[in-house]
Amino acid sequence: MNKKNILVVGSGGREHAIIHTLKKSDKVGKIYACPGNAGISELAECINILATDINGIVEFVKNHPDIYMTVIGPDDSLALGLTDLLLSKTHCKRVFGPSQAAAIIESSKAFSKDFMKKYNIPTAAYEIFSDYEKAKKYLANISFPTVIKADGLALGKGVFICEDFYQAESALKEIMQDKKFGAAGARVVIEEYLKGFELTVLSFTDGESLIPMVTSRDYKRAYDGDKGLNTGGMGCFSPHPLFNDGLMKEALDEVFMPTIRGMKKEGRLFQGCLYFTLMVDVQKKGRAKFNIIEYNARFGDPETQVVLPRLKTDLFEIFEAIVDGELHKMEIEWDNECSVCVIAASNGYPLDYEKGKEIGIGELNKDTLLFEAGTKFALSGKKVTNGGRVLGVVCKGVDIGEARDKAYQEIKKIEFEGIFYRQDIAKDF
């Protein structure tokens, strides 16, 4: 069999999980990663090109005619137009990841909110501001809590849930005056605080058809009890026990497919992984009220780490079907187990933290998965920390409780100076 070589762009736990899953395919040959990390280097050849160096990645692909497909993990690479550049400037015409025009559904919250309003897709009431004083004046006349979001990409940290005017004013100042998130905070979205239960649905789509993946729920706040600052995600579980097949069908009809059809109508055909964060309020007679909290234009992190281990269908074949516009021909299967991911982070994250701390990994159970994010090999050959979120421990079980207990038993076997992790991941259920 003529195996296909693949380039995966990115360096996080998400990319580690994608590569781990692709390696299971007997159709996949060599995998390159730009830039990868220490854990990824055990499965792929890591190339020292940053995911945001889109011209460097294009040159690398040009010089490697053996690359059959490129899989783009991070949001910023997509927002910068890497898909378009690869398709227009290299031999690699098979790219998993939306165009820059389609990726705007994540890269601009203002765009996504206006898009939902235009196509009657349910979302929280909102206003958009580019002037600090006007935004502050608006805050004086609304009820709380409220949600304030930086318009652009902010590594999952540009969202503030504000309990009163003073918290909201502080968030607004951080985003618009202190420019904590740079250009991403030139505009803000101020929106209604929603009630219900939250979950994530990652979905495969070729722009015409859409197949939802199994559900998940992540934890953004740094500390137990949803305290502290927003992070890129401190843990996750799958599936969400409150979201049944009936609700999924409703969401398909009312949220997912209207989004796909709307993007096509806008001339922004979306091909790749489209991520929906939903707030669901189950009404009388079991009817649900859905609201979209946000879209992402790629696999989530850490949602990918709990979703892909449950995938039974060949991931490479799914990517092929999406690139060819033939997703409607696929039947995608998942196992019935539950999975839980707990993230081990560096002390101080999501603010300042030290790097270069030696990582000790004890003897893990054979079915435990370790997806690395902020890791690298030091000159000494030792594996050391190289980021805020260092790695994720993923375990499966017959129910969420069993998977959670396994994950917490296993994470105790990970050691590095300053390690911290939430103790309450998946303990809601």
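The values are calculated or read from the model by the stated rules, or taken from the named source; none is laboratory data. For clarity, every value in this text was computed on a predicted model and none was experimentally measured. Heads up, the Cβs are rebuilt from the backbone with ideal geometry, glycines too, and the neighbour counts pull from every protein chain shown. Calculation scope for accessible area: heavy atoms of the full protein, side chains included, ligands and nucleic acids excluded. Shrake-Rupley method; radii C 1.70, N 1.55, O 1.52, S 1.80 Å.
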Only one of (1) at pLDDT below 95; (2) open to solvent by 10 Å² or more (accessible area, probe 1.4 Å); (3) within 20 Å of the chain's Cα centre (by Cα); (4) not aromatic (F, W, Y) does not apply to L311, and that is (1)
Residues in region 95-111: is at least one part of a strand (DSSP E or B) and touching a helix residue (DSSP H, G or I) at 6+ places or on another chain (Cβ under 9 Å)?
yes
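Does region 257-269 include one or more residues that are at pLDDT 95 or above and closer than 27 Å to M234 by Cα? Walk me through how you get there before you give the answer.
Here is the first cut: in region 257-269, the ones at pLDDT 95 or above are 257-269.
Going one step further and asking which of them are closer than 27 Å to M234 by Cα, we end up with none.
Looking for residues that are at pLDDT 95 or above and closer than 27 Å to M234 by Cα, one finds none in region 257-269, hence no.
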Is at least one residue of region 386-396 touching a Phe, Trp or Tyr at 6+ places or on another chain (Cβ under 7 Å), over 30 Å from S99 (Cα atoms) and assigned to a strand (DSSP E or B)?
yes
The listed residue being charged (D, E, K, R), open to solvent by 30 Å² or more (accessible area, probe 1.4 Å) and in a helix (DSSP H, G or I), out of E294, E363, E320, E354
E320
For region 112-150: of the residues being among the aliphatic types (A, V, I, L, M) and in a loop (DSSP other than H, G, I, E, B), which is nearest to S170 (Cα to Cα)?
A140
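Does F420 satisfy the criteria of being open to solvent by less than 10 Å² (accessible area, probe 1.4 Å), of a type in the set (F, W, Y) and either touching a strand residue (DSSP E or B) at 6+ places or on another chain (Cβ under 8 Å) or closer than 23 Å to G10 by Cα (or both)?
no
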Count of region 262-283 residues which are among the charged types (D, E, K, R) and in a helix (DSSP H, G or I)
2
Those residues of region 45-94 which are of a type in the set (S, T, N, Q), touching a residue at least 40 places away in the same chain (Cβ under 8 Å) and touching a Leu at 6+ places or on another chain (Cβ under 8 Å), in sequence order:
T70
Scanning region 323-344 residue by residue, those out of contact with any Asp or Glu (no Cβ under 9 Å at 6 or more places or on another chain), buried (at least 18 other Cβ atoms within 10 Å of the Cβ) and over 30 Å from I419 (Cα atoms) turn out to be I332
What number of residues within region 65-94 are part of a helix (DSSP H, G or I), closer than 20 Å to G152 by Cβ and of a type in the set (G, A, S)?
2
Pull out all pairs, ordered by first then second residue, where Cβ-Cβ is under 9 Å, the residues are six or more apart or on different chains, the first lies in region 361-377 and is farther than 19 Å from G73 by Cα and touching a residue at least 24 places away in the same chain (Cβ under 8 Å), and the second is assigned to a loop (DSSP other than H, G, I, E, B) and open to solvent by less than 40 Å² (accessible area, probe 1.4 Å).
F377/A38
Return the only residue of I332, I343 being among the hydrophobic types (A, V, I, L, M, F, W, C) and assigned to a strand (DSSP E or B).
I343
Among what's in region 131-159 and is under 26 Å from the mean Cα position of the chain (by Cα) and open to solvent by 30 Å² or more (accessible area, probe 1.4 Å), pick the residue that is modelled with the highest pLDDT.
P145
What pairs come up if the first residue lies in region 110-127 and is more than 12 Å from P258 (Cα to Cα), the second is open to solvent by less than 40 Å² (accessible area, probe 1.4 Å) and basic (K, R), and their beta carbons are under 7 Å apart, counting only those six or more places apart or on different chains?
T123/K113; Y126/K113
Strands (runs of 3 or more DSSP E) within region 218-261 that include 1 or more residues touching a residue at least 40 places away in the same chain (Cβ under 8 Å), more than 26 Å from K118 (Cα to Cα) and aliphatic (A, V, I, L, M)
221-223, 227-230
I'd like the full set of residues that are open to solvent by 40 Å² or more (accessible area, probe 1.4 Å) and assigned to a strand (DSSP E or B), limited to region 370-384.
K376, F377
Have a look at M234, M279 and point out the one that is within 30 Å of A344 (Cβ to Cβ) and modelled with pLDDT under 95.
M279
